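Remarks on the structure that follows.
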Amino acid sequence: MKVVVLTGAGISAESGVSTFRDAGGLWEGHSVADVATPEGFERDPALVHAFYDARRAQLELVTPNPAHLALAELEETLGDDLLLVTQNVDDLHERAGSRRLVHMHGQLRSAWCTSCDGRCPWTAPLADGPPCPGCGAASLRPDIVWFGEVPRQMDRIEAALAAADLFVSIGTSGAVYPAAGFVQLARLWGAHTVELNLEPSQGTVWFRDARHGPASMLVPAWVAELTARRLSR
Ligand code: BV8
């Protein structure tokens with residue numbers, strides 16, 4: 001059985017990472033245009049660096065929750081039959097043990113040089129213009145996909161959706177495309193579709209099965225159910 005799992009900010013909420021659109025979420029106090037677009041970065045790089053430097057620093061204080069751990073266990077069971085696609089830029093899936101993982105919107109703990117186009121692991125602030133380890137230029141930006149930029153590894157994601165028997169969306173509001181459209185592609189290509197979210201998302205109508213509650217409860221239960229079903233065949 002081939003499975004594609006898509007995660008959003010809701011899977012990291014119980015780890016203490018703020019979501020985007022829940023009350024008190026990240027975008028409160030910031031307009032998307034100012035902190036999550038190339039134009040915003042061009043206009044005020046210090047504001048954008050401050051926004052991402054604060055989120056990168058917060059990663060020191062948070063740890064994976066049972067939902068992240070359950071998905072890592074599922075990878076142990078399914079191996080190459082599972083692809084985990086995350087919209088999240090935190091590293092909680094990696095720290096939980098997931099390896100077959102696509103960060104379609106980039107990663108906080110990586111820096112991207114606009115001079116040499118090189119990428120490198122990065123945990124420190126970027127606001128003070130550190131030199132690129134590759135070319136020495138003070139041209140490092142957050143390795144993040146902003147609005148209007150192209151999400152990463154779309155070919156790989158679309159190929160996995162076309163081959164999937166099961167598509168599961170966890171902790172996402174279904175507000176941002178192309179991620180919000182994956183459920184429609186999966187259905188079109190014959191997959192069963194499941195939503196695991198605190199509340200119905202904007203795309204909940206597209207899911208054959210929708211379960212609502214905290215991810216730290218729903219995801220381990222769903223993984224146990226799937227694993228038991230596989231073993232009983
Ligand atoms: C692109 C940066 C072209 C990283 C992000 C009109 C129609 C269609 C599309 C567009 C349009 N106008 C513009 C567009 C394109 C645009 C877009 O979709 N805009 C929206 C606003 C309409 N998209 C783009 O620009 C994308 N690029 O389209 O390029 C292209 C396309 C295909 C192929 C080639 C080229 C780029 C989008 C990437 C933007 N970058 N973030 C960062 O700063 O983190 S998006 C940002 O919001 C996040 O990365 C995240 O991915 C996204 C969605 O947020 P969620 O993860 O869903 O979080 P949210 O807070 O919204 O929801 C949390 C959910 O969790 C809630 O439902 C809540 O109930 C639930 N929850 C909370 N607690 C829990 C929980 N669930 C379970 N348990 C809990 N405890």
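The values are calculated or read from the model by the stated rules, or taken from the named source; none is laboratory data. If you're wondering where the values come from, they're calculated on a predicted model, not measured in any experiment. Don't worry about glycine lacking a Cβ; one is built from the backbone with ideal geometry, like all the others, and counts go over all protein chains shown.
Points to keep in mind about this one:
- Here is the figure for region 94-113: residues that are over 9 Å from the mean Cα position of the chain (by Cα) and not small (Gly, Ala, Ser) total 9.
- The set of residues in region 121-154 being over 17 Å from the mean Cα position of the chain (by Cα), among the charged types (D, E, K, R) and within 15 Å of the ligand (Cβ to nearest atom) consists of ARG141 alone.
- Qualifying residue in region 219-232 (condition: touching a residue at least 60 places away in the same chain (Cβ under 8 Å) and basic (Lys, Arg)): yes
- Filter result (in contact with a strand residue (DSSP E or B) (Cβ under 6 Å, 6 or more places away or on another chain) and more than 10 Å from the ligand (Cβ to nearest atom)) within region 162-174: ALA164, LEU166, PHE167, VAL168
- Among the candidates ALA224, ALA164, ALA215, ALA191, residue that is closer than 19 Å to VAL4 by Cα, assigned by TED's automatic domain parsing to the domain that holds LEU84, surrounded by fewer than 18 Cβ atoms within 10 Å (Cβ to Cβ) and at pLDDT 95 or above: ALA224
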